[in-house]
Protein chains: 2
Amino acid sequence: MKENSVVQTLLDHKSIRRFIEKPVSDEIITTLVQAGQQAPFASQYYSVLLSRNAKRNPMHAPLLFTICVDSFKFEKIMAKRKWKLVTNDLTLLFFGIQDAALMAENMVVAGRSLGLGSCFLGNAPFRADQIAEEYNLPQRVFPLVQLVMGYPSEDPPRRPRYPLAYTLFEDRYPELTEALVDHAMQQMDEGYLAQDYYRSRQAKIPLTVDRKETFTYDDYSWTEHICRKWGQWFPDPADLYTQLEKRGFNIEKKR
Amino acid sequence: MKENSVVQTLLDHKSIRRFIEKPVSDEIITTLVQAGQQAPFASQYYSVLLSRNAKRNPMHAPLLFTICVDSFKFEKIMAKRKWKLVTNDLTLLFFGIQDAALMAENMVVAGRSLGLGSCFLGNAPFRADQIAEEYNLPQRVFPLVQLVMGYPSEDPPRRPRYPLAYTLFEDRYPELTEALVDHAMQQMDEGYLAQDYYRSRQAKIPLTVDRKETFTYDDYSWTEHICRKWGQWFPDPADLYTQLEKRGFNIEKKR
């Protein structure tokens, strides 16, 4: 593998959930955001909210960023130019979610290079109404993902990932043979077990479906954990639809 | 601003659309993907397709990556664990699009640090059926975004971005005053005009709505350009719905 300080920073990433109390300077915050702003956006369809209220922020992080898909501020520009938005909201969200994610990832990477740790919180879309109230968001701004950040007080190991052969496919999507699937599962599960990841967090997801618990922290690992999410959570898109509608986004088919 | 080689790499990003013929080594391709793989994913819900057919790739780029939202390969794991996916596809896409975008951005950043230039192509979702055929994609794999990459034969300047005051909002989404909107527009438009960006590409978007063309390349710039996209394109989500359905994704409300 080719190494340099940038590649090393990317490879060394891990989520940080514990922080020391040291505040983060304005200069560093500005750097994070400006480094994020140079990402290759489709149309800068995002905004970043910040809270420095460590007492209230999740994990008492010195910084809580909320990265939003923001159509409101572009519609202000359209109004100045006497244009009216016609693009449908589903398409806008496809581009806007990507813009917001590019921004967020650049902030994570810049942060790490400056000694900061971070962790994404993915549940913002499901409490978009609360976040909108907290930050006084106008309609057409949708909180996509939150990012806590600060100086780390922990130094976890690099987390396991799928094998390259389960990730990169040249020219043709391959047949995912039983051997390939097994190998990917093994690499993830043994990797997390070796780090005692779920036990140390007591993070087993309870079974809510009719299924007998047979796992202990000796064998409960990544694939079982994610199966319990996508096998039990969010059966109905109604909540997400409601949150989108409350923020002024309508992604339904035209009838 | 705090500077280091990582921050500098992020700040120096620009899209590259012209490449020299030099191929990219296997070692570098592996590095790009492995650096991408360490991003903070919700659940590794992506796959990366690669074509090295420079003759056929857009912009004759040595590398064409297609980053997909991939539910198929996780469902293989679920089947092994005798779980069935219950999460609705809209929620999966919200997380999967983010996973895919984090991967893509890390590849862009790692690439730049290794001397490679890149450019995103955003239209993959609208020709997902074609891409699926080219790469023999199974159902439940959705091509989200493409990324051309290679050694640059151009060195454009850094592109303009919104002012920080139009991007980062502390504690409360501010009133976007006329002065703030004007300033953001001016910074974008004057910035691109100073680089002769649209003229050098002859990239004016034709007017298809009933509106008189009054712009020349002396005043046609970023805000007018993006207004012509979101003011004219994709009025109906039907095409995107069709593409999603063809790939086996159903994001409709339950009735």
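The values are calculated or read from the model by the stated rules, or taken from the named source; none is laboratory data. Quick caveat: nothing in here was measured; it's all calculated off a predicted structure. Using ideal geometry, Cβ is built from the backbone for each residue, glycine included, and neighbour counts are taken over all protein chains shown. Calculation scope for accessible area: heavy atoms of the full protein, side chains included, ligands and nucleic acids excluded. Shrake-Rupley method; radii C 1.70, N 1.55, O 1.52, S 1.80 Å.
Figures for the structure shown
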quantity	calculated
Output for the range B:240-255, where each listed residue is open to solvent by 70 Å² or more (accessible area, probe 1.4 Å) and either among the small types (Gly, Ala, Ser) or within 12 Å of chain A (Cβ to nearest Cβ) (or both)	B:GLU245, B:ASN250, B:LYS254, B:ARG255
The range A:43-64, subset in contact with a Pro (Cβ under 7 Å, 6 or more places away or on another chain) and assigned to a loop (DSSP other than H, G, I, E, B), residue least open to solvent (accessible area, probe 1.4 Å)	A:PRO62
Pick from the range B:150-172, criterion in a strand (DSSP E or B) and more than 12 Å from every other protein chain (Cβ to nearest Cβ), ranking: most open to solvent (accessible area, probe 1.4 Å)	B:PRO152
Tally of residues being open to solvent by 10 Å² or more (accessible area, probe 1.4 Å) and under 13 Å from the mean Cα position of the chain (by Cα) across the range A:72-101	1
Yes/no for B:ILE67 being at the interface with another protein chain (Cβ under 8 Å from one of its Cβ atoms) and either open to solvent by less than 10 Å² (accessible area, probe 1.4 Å) or modelled with pLDDT under 95 (or both)	no
Positions within the range A:216-239 being within 11 Å of chain B (Cβ to nearest Cβ) and charged (D, E, K, R), in sequence order	A:GLU224, A:ARG228, A:LYS229, A:ASP236, A:ASP239
Tally of residues being touching a strand residue (DSSP E or B) at 6+ places or on another chain (Cβ under 9 Å) and either over 21 Å from A:TRP230 (Cα atoms) or charged (D, E, K, R) (or both) across the range A:158-216	6
So B:ILE205, is it at the interface with another protein chain (Cβ under 7 Å from one of its Cβ atoms), modelled with pLDDT of 95 or more, assigned to a loop (DSSP other than H, G, I, E, B) and open to solvent by less than 30 Å² (accessible area, probe 1.4 Å)	no
Per-region count, the range A:24-38, residues of a type outside the set (A, V, I, L, M) and either assigned to a loop (DSSP other than H, G, I, E, B) or more than 7 Å from chain B (Cβ to nearest Cβ) (or both)	4
Test set (1) farther than 27 Å from A:ALA61 by Cβ; (2) open to solvent by less than 70 Å² (accessible area, probe 1.4 Å) - A:GLN195 fails condition number	(1)
Whichever residue in the range B:12-23 is within 11 Å of another protein chain (Cβ to nearest Cβ) and open to solvent by 10 Å² or more (accessible area, probe 1.4 Å) and, among such residues, is farthest from B:SER51 (Cα to Cα)	B:ASP12
Scope the range A:123-139; condition open to solvent by 30 Å² or more (accessible area, probe 1.4 Å) and either closer than 26 Å to A:GLU154 by Cβ or of a type in the set (Gly, Ala, Ser) (or both); matching residues	A:ASN123
Criterion: open to solvent by 70 Å² or more (accessible area, probe 1.4 Å), more than 11 Å from every other protein chain (Cβ to nearest Cβ) and not in a helix (DSSP H, G or I) - qualifying residue of B:GLU190, B:GLU213, B:GLU175	B:GLU213
Residue ID - farthest from the chain's Cα centre (by Cα), chosen from residues in the range B:164-220 that are over 27 Å from A:PRO143 (Cβ atoms) and of a type in the set (Phe, Trp, Tyr)	B:PHE215
B:ASP189, sole failed condition from (1) without any contact (Cβ under 8 Å) to a residue 24 or more places away in the chain; (2) more than 25 Å from B:PHE94 (Cβ to Cβ)	(1)
B:PHE142 being outside any helix (DSSP H, G or I), aromatic (Phe, Trp, Tyr) and assigned by TED's automatic domain parsing to the domain that holds B:PHE74	yes
Residues of the range B:7-22 that turn out to be of a type outside the set (D, E, K, R) and free of Cβ contacts under 8 Å to residues at least 60 places away in the same chain, as a count	2
The range B:115-131 residues that are assigned to a strand (DSSP E or B), paired with ones that are open to solvent by 10 Å² or more (accessible area, probe 1.4 Å) and of a type in the set (Lys, Arg) (beta carbon under 6 Å, 6 or more apart)	B:CYS119/B:ARG17
